Amino acid sequence: MLHGSSDLYGASKIFLLTAQLLKEEGHGVMVILSEDGPLAMSLKNLDIPVKLVRLGIIRRKYFNMMGLVNRVKVMRKAIKITKKLVTEEGITHIYSNTAAVWVGALVAKDLKLQHIWHLHEIILKPSWFGWAMGKMINQFAHKVIVVSEAVRGHWSRHVSEEKLTLIYNGINYKPYLCGYDHLRSTLGIPSEAVVIGMIGRVNSWKGQEYFLEISEELNKKFLNLHFILVGDPYPGDERWYEGLEMNILEKKFNHKIYNLGFRSDIPRVLATMDIFILPSILPDPFPTVVLEAMAAQKPIIATAHGGALEMVINGVNGFHIPWNAPEEGARKIAPLIEDQKLRLKMGLKAKESVLKNFSLPSFREKILTVFSE
């Protein structure tokens, strides 16, 4: 099993769960990661062997001549090391998590092994890269797992339909159902305040800046609001976090904005919030953090594209908002701020929906079926 990072955000959490389920089913599992970190530690705690190999992960910052030369050089070395490990361990299947990991596909093709590619992405720009990536996936994958209908629709233009399998993410919801203590006293937030928050990687499209624009619009009308942001950038992309910090300092109500960076206690963070926002300005394929917020019984505000449209029923367990109009977004959120009963009602509907439609047993059954066929 190969994955490109060692964090514990959405795709990494699904990778960890998949590895755990395969091990519990009796499969021999070996993991290759590009770096050490929380994911590697969690895997080791499950007695799953982890090898650290620089995999030459494909990211936008490498879309230039020097970057591509760097990726080719790193991947050549990674392929050689991975081939040796695969041969020594008698590996029969290779599983690649996310479209950014190519080494597994190349090794599987060369050694004539089964290759399963788990796609969490919708790649719109640059269009030529999305086209080329689709052709590569179709050529180098025996089975392709997609995490939402939105992801299926994106890749089905290039990947044979018979290879595609839709498996909605499902996670262990118990930590989010237990009514964790919150952070209000720690942060100095009054108990009567309405707390609005988001959780996500800090990058160009997850929507931190848009979240702040919405907060400004809401602060024009309401006095009792506090805002929480959680997340950090990929290593090497610290400029995004620095820019976010500067943007917060420029806000009139910056004393009501809490930028917490990376947190491992997400159930506690969600318990602090009254309303959860997914402000992604590009289609988010199937954000696991929304499942967590739904399980924590929070009404969900989500930009109206990507997998969120399959998770959030507008007017039932949350609201859809535009991804480019903070005034309109704030207008749609306002009723939830004004009406605590509405917040509680929608939050309960969110919990009911996630437990019914995105269950861990369903994910387990479907993911294991892909490996056993």
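Per residue, the chain exposes 45 Å² of solvent-accessible protein surface, assessed with a 1.4 angstrom probe and all protein chains in place. Length gained on full extension, ARG76 to SER372, computed as 0.36 nm times the residue gap minus the Cα-Cα distance: 103.5 nm.
Grab the other residues whose beta carbon is less than 13 angstrom from that of ALA304, score K and R as +1, D and E as -1, and report the net. That works out to -2. Restricted to Cα atoms, the range 198-243 shows a radius of gyration and a Dmax of 12.1, 38 angstrom.
Each distinct pair of alpha carbons in the range 331-373 adds a 1/r term; the inverse of their mean, the Kirkwood radius, is 12.7 Å.
For the range 266-373, the carbon plus sulfur part of the accessible surface works out to 54%, probe radius 1.4 Å. Only lysine pairs 8 or more places apart, or on different chains, with alpha-carbon atoms under 17 angstrom apart are counted in the range 326-367, and they number 6. Using the Cα gyration tensor of the range 164-248, with a ≥ b ≥ c the square roots of its eigenvalues, what is the shape: rounded (a/c below 1.5), prolate (a/b larger than b/c) or oblate (neither)? Here the range 164-248 falls in the oblate category. In angstrom, the C-alpha Rg and Dmax of the range 44-99 are 13.7, 41.
The alpha carbon gyration tensor of the range 124-175 gives principal lengths a ≥ b ≥ c with a/c of 1.5 or higher and a/b greater than b/c, which makes the shape prolate.
Once you reduce the range 117-147 and the range 275-344 to the center of their Cα atoms, the two points are 27 Å from each other. Only protein heavy atoms count here; on that basis, with a 1.4 Å probe, LYS13 has an accessible area of about 50 Å².
Entry note, the chain: relative contact order of 14 percent, from Cα contacts under 8 Å with a spacing of 6+ residues. Candidates MET65, PHE227, HIS154 compared by Cα position along the dipole of the chain: farthest toward the positive end lies MET65, with charges placed on Cβ. What a 1.4 Å probe finds exposed on the range 1-118 is 57% carbon and sulfur by accessible area, rounded to a whole percent. The Cβ shell under 13 Å around GLU89 holds other residues with a net charge of +2, Lys and Arg each +1, Asp and Glu each -1.
The values are calculated or read from the model by the stated rules, or taken from the named source; none is laboratory data. Small disclaimer: the values here were computed from a predicted structure and weren't measured. Ideal geometry is used to build each Cβ from the backbone, glycine not excepted, and the neighbour counts take in all protein chains shown. The protein model used for the area step is the full one, side chains on, heavy atoms only, and it has no ligands, DNA or RNA in it. Shrake-Rupley method; radii C 1.70, N 1.55, O 1.52, S 1.80 Å.
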